[in-house]
Amino acid sequence: SQQGEEDPQALSIQEGENATMNCSYKTSINNLQWYRQNSGRGLVHLILIRSNEREKHSGRLRVTLDTSKKSSSLLITASRAADTASYFCATPGATNKLIFGTGTLLAVQP
Amino acid sequence: ETGVTQSPTHLIKTRGQQVTLRCSSQSGHNTVSWYQQALGQGPQFIFQYYREEENGRGNFPPRFSGLQFPNYSSELNVNALELDDSALYLCASSGEDRNNYGYTFGSGTRLTVV
């Protein structure tokens, strides 16, 4: 079963705009991770935020975490066509397995 | 650029056959996990190996089995293939610092069962 749910399921924006996607999860966590997947290929680790952190930045990415609401958001600023991909949040479950959400499909129009 | 290599990239098998997928972990990583990703879904955890021992298993039947070798490379074996086994199979490796740096995924093997 999926731990998290991403919202929206799909998002279409113009190049240069910002993209925000949200993730909700169900159980207590010690960290939350975001991954990108290009068209059915492997996942690329984007950013990890620990449970004691509220916000983290990496280049054009900004991640927030609200453990009281069991939710996280990923903001991509100044989007580019190359950002077109599916984005997944994931949380570590028992034995450190990753439990993934259902993903947000982002399309950035040139 | 990923340090995890999976082979083959694509595979077509017939229902009832057996398949072996291979994964070469990133150097220095002692943990490997396998995931199944059906079309349009998030990856589902199959099992994890740590220092050649199974270290956790998801909700998959026993016909899904694995091995991890001393060089930390790994295999996923699936017996008696079913049509629903058609999916992208992903291998991910991690070190002791997985809670700081996450996992490194391979590009996957696309398995089609006909």
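Per residue, the protein assembly as shown reaches -500 deg cm²/dmol at 222 nm when only DSSP H runs of four or more residues are counted, each adding -39500 (n - 2.57). With a Förster radius of 25 Å applied to the C-beta separation of residue A:39 and residue B:5, the computed FRET efficiency comes to 0.85. When each of B:12, A:29 is scored by the number of other beta-carbon atoms lying within 10 Å, the sequence from fewest to most is B:12, A:29. The ranking of A:69, A:97, A:26, B:13 from fewest to most other beta carbons within 10 Å of each one's beta carbon is A:69, A:26, B:13, A:97.
What the phi angles of the range A:30-41 give under the Karplus curve with 6.51, -1.76 and 1.60, with θ = phi - 60°, is a coupling list of 9, 7, 9, 10, 10, 10, 10, 9, 8, 5, x, 9 Hz, glycine and proline written as x.
Restricting the range B:27-114 to trypsin sites (Lys or Arg not before Pro) that sit in a DSSP loop and have at most 16 other Cβ atoms within 10 Å of their own Cβ leaves B:51, B:63. The residues A:108, A:44, A:63, when put in order of fewest to most other Cβ atoms within 10 Å, stand as A:44, A:108, A:63.
Every number here is computed from the coordinates shown, using simple stated rules; none is lab data. Computed from a predicted model, the values in this text were never measured in an experiment. Every residue, glycine among them, receives a Cβ derived from its backbone with ideal geometry; neighbour counts consider all protein chains shown.
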